[in-house]
Structures are given as structure tokens and as C-alpha cells.
Amino acid sequence: MAYKCPEHVFLHADHISKIYPGTKALDDVSFDLLKGKVNVLIGENGAGKSTLMKMIAGIEHPSEGTLYIGDQEVAFKDTTDARKHGIGIIHQELSLFPNLNVYQNIFMAREQTVGKIRLDNKTHIEKTKNILKRLEHEIDPETLVGELRVGQQQMIEIARNLVADDLKVLIMDEPTSSLSQQEVQVLFKIMRELTAQGISIVYISHRLEEIMQIGDHVTILRDGKYVSDADVKDIDVPWIVHEMTGGAKAYLKRETKVDWSKVENVLEVKNLCLPKAGGGYLVDHVSFDLKKGEILGIYGLMGAGRSEIFECLMGLHPEHTGEVYLEGEKLNIKSISGQIDKGFALIPEDRQAQGLVQTMDIEKNCSLSAMKTYKKAGVFLDSSKEGQKVDEQIKDIHIKVADKHLPILSLSGGNQQKVVIGKGILTEPKILLMDEPSRGIDIGAKTEVFDIINQYAKRGLSIIVVSSELQEIVSIADRVLVLSNGLKTGEFSGDEIKEDTLVLASYKGHHVQNHEKEN
């Protein structure tokens with residue numbers, strides 16, 4: 001039977017699924033895009049929000065399911081095809097050309113000509129001035145975009161979509177992340193003007209106060225699935241938090257009988273700062289400590305500064321400021337190798353790009369970071385000692401491998417991750433930094449990874465775990481720091497570690513941070 005689209009719906013996504021190798025990003029999701037409304041899409045990191053929007057914008061194609069505009073089935077080949085149907089998207093990550101000027105960026109792929117080949121730059125400049133005046137950012141159209149601060153660049157990204165004469169849908173993925181409060185209010189005014197003209201807006205944001213201010217209708221996704229939807233006038237913030245975090249607990253809570261107040265600090269971090277280009281901080285005066293044998297969780301949304309803290313501690317950002325003490329001794333952090341020597345090891349977020357050398361076998365990948373401990377006679381490797389240590393590690397953390405000389409890519413994702421963990425542990429660290437250690441592995445492998453974390457914590461290894469998954473961080477951590485926009489916005493231990501508490505704390509920094517410093 002032919003699909004009949006309701007009058008108030010511009011676009012309908014019908015039972016959409018998207019499967020990538022090893023993961024299902026969207027699972028049978030249906031979604032109505034309401035005409036002339038601000039349609040808010042919300043969910044934790046990895047819930048599938050951006051993936052769904054990429055389908056609607058023609059960037060990705062559904063593995064299963066159908067899109068309808070009105071009663072007509074549509075299948076966009078690419079973004080140009082979607083744009084012909086009036087659909088524009090403002091990405092979370094800026095997609096501007098810093099070496100081109102403002103008007104060239106705004107009219108990229110929408111160039112107007114005089115005759116057949118000559119660009120009508122006079123019209124480009126005039127229209128750029130008009131749209132920027134509307135956005136209350138009267139920037140010289142001939143300024144190079146690379147010379148603008150981040151908030152101004154975000155406004156240029158928005159302006160690119162507003163110049164389209166046939167705009168019907170505007171998808172906005174975290175559009176206010178780089179804007180000051182004044183700029184946010186200007187954007188909201190423009191959004192209301194657009195909806196008054198019948199244009200539909202999809203608004204993805206982690207800022208609950210913004211959602212309640214600007215949204216008309218909210219749809220919540222969790223783990224790639226539709227959870228619920230409601231009109232904003234009928235809900236409140238606690239309802240949103242409950243819908244985002246609800247569901248059965250998948251992991252057992254780590255139980256310890258340690259009185260952490262009586263355990264010595266292994267690590268102390270005081271006023272850690274990492275500046276970002278254009279002003280402000282990626283890590284903003286963050287202080288914390290870590291006990292011997294403790295598992296410290298760090299939770300926060302995308303861009304909160306979690307991975308950047310690890311990068312500072314591992315020597316990737318010598319420009320950072322603040323003080324770091326290891327076992328009471330102040331560190332002068334210069335390099336990655338120096339930090340490994342001092343007892344730090346990092347399990348990176350992206351194991352394929354940063355954790356493994358895909359042309360090497362399992363043994364070499366496992367022993368790589370600790371290679372200099374296997375030296376003999378100055379420059380030669382003691383292959384026997386290397387093999388013995390790797391064998392012990394494979395047995396200790398239960399890496400399922402038939403032959404350690406097989407290619408690393410012959411292993412499952414979960415066992416590859418164990419190799420990355422084993423590589424870090426073979427350096428005999430005092431502090432193990434684990435950035436999203438369960439990303440991209442199945443539930444069985446996740447449980448095994450958590451067992452490894454617990455096992456080494458019991459042996460006295462101090463561990464910091466960054467995770468975007470609330471259930472994981474709640475179950476694994478003895479204590480949790482919450483970050484938002486580079487700020488530490490909460491610290492919880494024991495029974496204080498609850499999903500709704502962490503979610504609420506993760507939004508605090510969005511209105512605490514002084515964006516005006518960027519002006």
C-alpha cells in the first residue's frame with residue numbers, strides 16, 4: 001500500500017537502519033520531520049542522531065528503510081541531490097575553506113555567473129553583506145575565513161545555508177558549540193524567522209536549556225533506536241534525562257571495600273589548561289587526583305575535553321599549563337617516550353589508527369611499546385625474552401589467538417583491543433589511561449575488558465577510564481569526574497554515581513563557560 005504522508009509532516013523516515021562493519025548505527029528508526037517546526041533530536045554520544053541526519057542530507061545511504069517527502073519515496077544520491085529537494089545541513093565540525101574568503105565560502109557550489117563562465121562576484125559580495133547583517137555579523141566579505149575566530153566561522157557556516165532560495169529543511173548539528181550567548185540568541189531569532197516561513201529545522205544539541213527554549217518537538221534516540229518523542233510544551237528536563245538514560249543495567253557494579261580516603265595519591269593534577277585556537281580552553285583549569293589501585297572514570301559529551309586531558313598527560317601537548325605530580329614529584333612533561341618511561345600508558349580511542357600497526361603480527365603489536373626492555377648487547381633484540389613476555393600477557397588477559405605470528409587483523413575487534421591493552425600493560429605502567437576502551441566491540445568482549453580493568457586495579461594499578469557510555473562508567477568507576485566544555489562540572493563517588501546525576505552535570509558547563517572571552 002502506498003505511503004500517505006500526514007499534512008503536517010514534510011519528510012518521513014520509515015524503518016531506517018544503517019549497518020557499518022561491526023556495528024549497527026541505526027536500528028529500525030522511524031522519524032517524522034514536522035513542517036515549520038524546530039524538531040529537536042537528542043540522545044547520548046553514539047545514539048545515532050548524526051547518522052540519521054546524514055541520511056536525510058544525502059551524505060549516507062540507508063542499509064534498510066525508506067525516505068518520503070510528502071507521499072513520494074526519495075533516495076538521495078548525494079548532498080547535491082538532497083539540496084535540490086531543499087535540504088541543507090550545518091555540520092558539527094566546520095567544513096569551511098580557510099584559504100578562501102567569506103563570500104567564496106558562502107557561495108561555494110552555489111556560484112552565480114554573468115554570462116556562461118564569469119563569476120558574478122558583485123552579487124556574491126552584496127548578498128553576503130545582506131545575510132551577515134541579518135546574522136548581526138557585519139564581516140568584510142573579502143576577509144579570509146582562516147583569519148576569523150571560531151564563533152565567526154560558525155556564523156559563516158550558517159550563512160552558507162541561508163543564502164539558498166529554495167531552503168525547506170535546515171539540519172543543525174550542535175550549531176551553538178562555538179557561539180557566545182549573544183550569538184546564540186541571534187541564531188534563535190533567525191530560526192524562528194525560518195519556521196515562520198514554513199521551513200523545518202532539525203536541531204541536534206546536548207544543551208538542555210537550549211532545547212527547552214527553542215524546541216517545538218523532541219525525538220529521543222538511544223543505542224541507535226527510537227525511544228520516544230513529545231512536544232516540548234508537554235515535557236521537562238527530568239523527563240528528557242530519564243528517556244535518554246532509561247533501560248536495564250547491562251553491567252555489574254564494581255564493588256570494593258577500600259576506604260579511599262586512607263589511600264595515597266599516585267597522581268595529582270592541578271589547574272590543567274589546554275588553550276584552543278581562537279581563544280578559550282579545550283581543558284579549562286581542571287584539577288583532580290588518582291589513588292593507587294583506583295579506577296577513576298571521566299564522563300562528558302563530545303568536546304568536553306576528556307581525550308585532551310589524556311593527551312596532556314602523555315606529552316602530546318607541551319603547550320599545556322598547570323602542575324602534574326606523580327608520587328609527589330612534579331613532572332616536566334616533554335614527550336610521549338618520556339611519559340612512558342615515567343610510568344604512563346595510554347589505550348587510545350581509535351585502536352586501528354592509533355593503537356595498532358596493521359602490517360605487523362600480533363606479537364610485534366603487543367610488544368611494541370616495551371621494545372627497549374628486550375634489548376641485548378646495546379642494539380639487538382632478545383627475541384626469546386620478547387616472546388616469553390608476550391606469551392605471559394596473552395595468557396594473563398585471555399587473548400584468543402591460535403598463533404601470535406598471525407597478522408593482527410586476523411583477530412576479532414575484541415581481541416585486537418586486548419592486544420592494545422596488553423601493549424600498554426607490558427610497559428609496566430603506574431597509571432593506565434584508557435580512552436573509550438570498549439568502543440566497537442561486542443557485549444561479551446566488553447565484559448572481558450571490564451574484568452581486565454578490575455583485575456589490574458586489584459593488583460594496585462591506577463586506572464583512568466574515559467567512556468561515553470553511562471552504564472559503563474557507572475558500573476566500572478570508583479569515582480567519576482564530569483567534564484563539560486573543558487570545565488570540571490562534577491565529581492561523584494560511591495552511591496552518588498548515578499546516570500541522571502552524571503547527565504545533568506555534563507550540561508552545566510555549557511552556560512557556565514564564558515564564551516565572551518572568544519570575542
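Return the residue satisfying two criteria in turn: it lies in segment 505-515 and is touching a Leu at 6+ places or on another chain (Cβ under 8 Å) and either part of a loop (DSSP other than H, G, I, E, B) or modelled with pLDDT of 85 or more (or both), and of such residues it is surrounded by the fewest Cβ atoms within 10 Å (Cβ to Cβ). Among them, the one singled out is Gln513. Out of all the residues in segment 91-105, is one or more touching a His at 6+ places or on another chain (Cβ under 7 Å) and either among the charged types (D, E, K, R) or part of a strand (DSSP E or B) (or both)? Checked against the condition, which is being touching a His at 6+ places or on another chain (Cβ under 7 Å) and either among the charged types (D, E, K, R) or part of a strand (DSSP E or B) (or both), segment 91-105 yields no hits at all. Please count how many residues of segment 47-84 are open to solvent by 70 Å² or more (accessible area, probe 1.4 Å) and farther than 26 Å from Asp165 by Cβ. Summing the residues that are open to solvent by 70 Å² or more (accessible area, probe 1.4 Å) and farther than 26 Å from Asp165 by Cβ in segment 47-84 gives 2. None of Leu290, Leu282 is over 23 Å from Tyr507 (Cα atoms) and of a type outside the set (D, E, K, R) except Leu290.
Evaluating Lys385 against the criteria (1) in a loop (DSSP other than H, G, I, E, B); (2) at pLDDT below 85 leaves one unmet condition, (1).
Would you confirm whether any residue within segment 218-227 is of a type in the set (A, V, I, L, M), open to solvent by 70 Å² or more (accessible area, probe 1.4 Å), under 25 Å from the mean Cα position of the chain (by Cα) and over 27 Å from Leu167 (Cα atoms)?
No - not one qualifying residue is present in segment 218-227.
Taking the criterion of being among the β-branched types (Val, Ile, Thr) and under 21 Å from Ala353 (Cβ atoms), the residues of segment 426-461 that qualify are Thr427, Ile441, Val449. Taking the criterion of being under 28 Å from Lys276 (Cβ atoms), under 21 Å from the mean Cα position of the chain (by Cα) and in a loop (DSSP other than H, G, I, E, B), would at least one residue in segment 124-146 satisfy it? No, segment 124-146 contains no residue that is under 28 Å from Lys276 (Cβ atoms), under 21 Å from the mean Cα position of the chain (by Cα) and in a loop (DSSP other than H, G, I, E, B).
Checking each residue in segment 20-62 for being of a type outside the set (A, V, I, L, M, F, W, C), over 22 Å from Val241 (Cβ atoms), in a loop (DSSP other than H, G, I, E, B) and touching a residue at least 12 places away in the same chain (Cβ under 8 Å) picks out Gly22, Lys35, Gly36, Lys37, Gly58, Glu60, His61, Pro62. Residue pairs whose Cβ atoms lie under 6 Å apart, sitting 6 or more positions apart in sequence or on different chains, and linking a residue in segment 214-231 that is among the aromatic types (Phe, Trp, Tyr) to a partner that is assigned to a strand (DSSP E or B), are Tyr226/Val29. For segment 404-419, filtered to residues that are in a loop (DSSP other than H, G, I, E, B) and modelled with pLDDT of 85 or more, the residue that is most open to solvent (accessible area, probe 1.4 Å) is His405.
Summed over segment 159-183, the residues that are part of a helix (DSSP H, G or I) and in contact with a helix residue (DSSP H, G or I) (Cβ under 7 Å, 6 or more places away or on another chain) give a count of 5.
Does segment 314-333 contain at least one residue that is open to solvent by less than 10 Å² (accessible area, probe 1.4 Å), among the hydrophobic types (A, V, I, L, M, F, W, C) and more than 24 Å from Gly460 (Cβ to Cβ)? No; the residues of segment 314-333 include none that is open to solvent by less than 10 Å² (accessible area, probe 1.4 Å), among the hydrophobic types (A, V, I, L, M, F, W, C) and more than 24 Å from Gly460 (Cβ to Cβ). Of all residues in segment 461-475, those satisfying the criterion of being open to solvent by 20 Å² or more (accessible area, probe 1.4 Å) and either in contact with a Lys or Arg (Cβ under 6 Å, 6 or more places away or on another chain) or not aliphatic (A, V, I, L, M) (or both) are Glu469, Gln471.
When Leu406 is tested against the conditions (1) more than 32 Å from the chain's Cα centre (by Cα); (2) closer than 29 Å to Ser287 by Cβ; (3) touching a residue at least 40 places away in the same chain (Cβ under 8 Å), the lone failure is (2). Give the residue that is nearest to the chain's Cα centre (by Cα), with candidates limited to residues of segment 295-313 that are of a type in the set (A, V, I, L, M) and open to solvent by less than 50 Å² (accessible area, probe 1.4 Å). Among them, the one singled out is Leu301.
Matching residues to (1) surrounded by 22 or more Cβ atoms within 10 Å (Cβ to Cβ); (2) among the hydrophobic types (A, V, I, L, M, F, W, C):
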residue	(1), (2)
Glu386	no, no
Asp391	no, no
Ala402	no, yes
Ile421	yes, yes
Ser438	yes, no
Ala477	yes, yes
Asn485	yes, no
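What about Lys77, is it out of contact with any Asp or Glu (no Cβ under 9 Å at 6 or more places or on another chain) and basic (Lys, Arg)? It is true that Lys77 is out of contact with any Asp or Glu (no Cβ under 9 Å at 6 or more places or on another chain) and basic (Lys, Arg). Only a single criterion out of (1) crowded, with 20+ Cβ neighbours inside 10 Å; (2) of a type outside the set (Lys, Arg); (3) out of contact with any Lys or Arg (no Cβ under 9 Å at 6 or more places or on another chain); (4) farther than 30 Å from His8 by Cα is not satisfied by Ile158, namely (4). Picking from residues in segment 334-354 that are of a type in the set (Gly, Ala, Ser) and touching a strand residue (DSSP E or B) at 6+ places or on another chain (Cβ under 7 Å), the one that is surrounded by the most Cβ atoms within 10 Å (Cβ to Cβ) is Ala345.
Close Cβ contacts (under 8 Å, 6 or more residues apart or on different chains) running from residues in segment 120-146 that are within 16 Å of Leu100 (Cα to Cα) and touching a residue at least 24 places away in the same chain (Cβ under 8 Å) to residues that are among the aromatic types (Phe, Trp, Tyr) and not in a strand (DSSP E or B) comprise Thr128/Tyr103; Thr128/Phe107; Pro141/Tyr103; Glu142/Tyr103; Val145/Phe97.
Give the number of residues within segment 278-294 that are of a type in the set (D, E, K, R), open to solvent by 10 Å² or more (accessible area, probe 1.4 Å) and either touching a helix residue (DSSP H, G or I) at 6+ places or on another chain (Cβ under 7 Å) or in a strand (DSSP E or B) (or both). Working first, answer last.
Here is the first cut: in segment 278-294, the ones of a type in the set (D, E, K, R) are 284, 289, 291-292, 294.
From what's left, open to solvent by 10 Å² or more (accessible area, probe 1.4 Å): 284, 289, 291-292.
Subset that is either touching a helix residue (DSSP H, G or I) at 6+ places or on another chain (Cβ under 7 Å) or in a strand (DSSP E or B) (or both): 284, 289, 291.
Going through segment 278-294 one residue at a time, the tally reaches 3.
With respect to the conditions (1) over 24 Å from Glu308 (Cβ atoms); (2) touching a strand residue (DSSP E or B) at 6+ places or on another chain (Cβ under 8 Å); (3) not in a helix (DSSP H, G or I), Met434 falls short on a single one, namely (1).
The values are calculated or read from the model by the stated rules, or taken from the named source; none is laboratory data. Remember, predicted model here, so these are calculated numbers, not experimental data. In this analysis, Cβ positions are derived from the backbone assuming ideal geometry, glycine residues included, and neighbour counts consider all displayed protein chains. Side chains are part of the model used for accessible areas, which takes the heavy atoms of the whole protein and leaves out ligands, DNA and RNA. Shrake-Rupley method; radii C 1.70, N 1.55, O 1.52, S 1.80 Å.
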